[in-house]
Amino acid sequence: MKGKFITFEGIDGSGKSTQLRLLASYLVERGKDVLTTREPGGTPLGRRLREAFLETEETVSPLAELLLFAADRAQHVEFLIKPAVAEGRVVISDRYADATAAYQGAGRGFKRETVARIIQLATGGLKPDLTLFFDIPVELAIARTGSRNNSEAGANRMDGESAEFYARVRDEYLAIARSDPRRFKVIDGAGSIEDIHSKVTEIVSRRFR
Ligand code: TMP
């Protein structure tokens, strides 16, 4: 297993970031050279963008948002993901292009073709080898992000979206799973952390045996 690109997706509060840390430790313990990263914010420029357009209370236009996620991704692909995969590292990113299809496409209402063109431009066509989608009911997502908002830790501008918004986002992720079942795996995110972790390692081991 060398030079792989794995992405984690889920609606907010799905537990994907916890699972990402667990998978990274699991692979490191087995001698893999792992690089964990995230979108937005995987590069120094991306971190500044994230703060400017995501961790802000300023109203951000949907088009600006779409283009800023793409700008973050272009920098991330060119200076972090591609070089690390070329060196034979296992790159695991907390979100990538599917998030734009789901959030800006289905969530904000941009046309599929528009979003696909912008993703193609930003990534140069780089696709993950494997994507794990942690699926939880929308009500659970709202309950979890609500308590995150109150505690401030990890809160961002998207946490205040409606149940309808999250339902559209979730449905789009599930549509991607149906259209690209080999790459995009759905994992029930409502179980215990340990059970979900076992499922993750099983899928990753099977795919990259
Ligand atoms: P997170 O780092 O907590 O997952 O937060 C990132 C937020 O940004 C989350 O609400 C999903 C959203 N997002 C998009 O709307 N489009 C994107 O392309 C990406 C990468 C994230």
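Please treat every number below as a calculation from the coordinates, not as lab data. Since we're looking at a predicted model, the values are computed, not measured. Reconstructed Cβ throughout: ideal geometry from the backbone, glycine too, with neighbour counts over all protein chains shown.
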Can you compute the modelled spin-label distance between Phe208 and Glu58, with each label point 7 Å from Cα toward Cβ, in nm? 3.8 nm
State the Kirkwood hydrodynamic radius of segment 1-124 in Å, one decimal place, computed from all pairs of distinct Cα atoms. 15.1 Å
State the number of lysine pairs found in the chain whose Cα atoms come within less than 23 Å, restricting to pairs 8 or more positions apart or on distinct chains. 27
For Val34, other-chain or 5+-apart residues with amide H closer than 5 Å (H placed, Pro excluded) are Val90
Simple spin-label estimate for Arg117 and Leu67 in nanometres, 7 Å along Cα-Cβ: 1.4 nm
Check each of the trypsin sites (Lys or Arg not before Pro) in segment 1-93 and keep only those in coil by DSSP with at most 11 other C-beta atoms within 10 angstrom; list them in order. Lys2, Arg30
Segment 169-209 to segment 101-149: how many Å between their Cα centroids? 15 Å
Theoretical gain in end-to-end length, Lys82 to Asp188 [0.36 nm per residue, Cα-Cα removed]: 35.2 nm
Derived scalar couplings ³J(HN,Hα) [segment 178-185; Karplus, 6.51 cos²θ - 1.76 cosθ + 1.60; whole Hz; x for Gly, Pro]: 6, 7, 9, x, 6, 7, 9, 9
Between Asp129, Asp72, Asp94, where does the largest GNM mean-square fluctuation fall for the chain, given springs only between Cα atoms within less than 10 Å? Asp129
Residue among Ile187, Ile81, Ile119 with the largest mean-square fluctuation in a Gaussian network model of the chain, springs linking Cα atoms under 10 Å: Ile187
How long is the gain from Arg47 to Arg157 if the chain were fully straight, where each residue apart is worth 0.36 nm and the alpha carbon distance is subtracted? 38.1 nm
In whole Hz, with x marking every Gly and Pro, tabulate ³J(HN,Hα) for segment 196-202 from phi via Karplus 6.51 cos²θ - 1.76 cosθ + 1.60, θ = phi - 60°. 5, 4, 4, 4, 4, 5, 4
Once the convex hull of the C-alpha atoms of the chain is built, how many Å³ does it hold per residue, rounded to a whole number? 115 Å³
Give or take rounding to whole Å, what are the principal axis extents of the alpha carbon atoms in segment 76-122, in descending order? 37, 19, 12
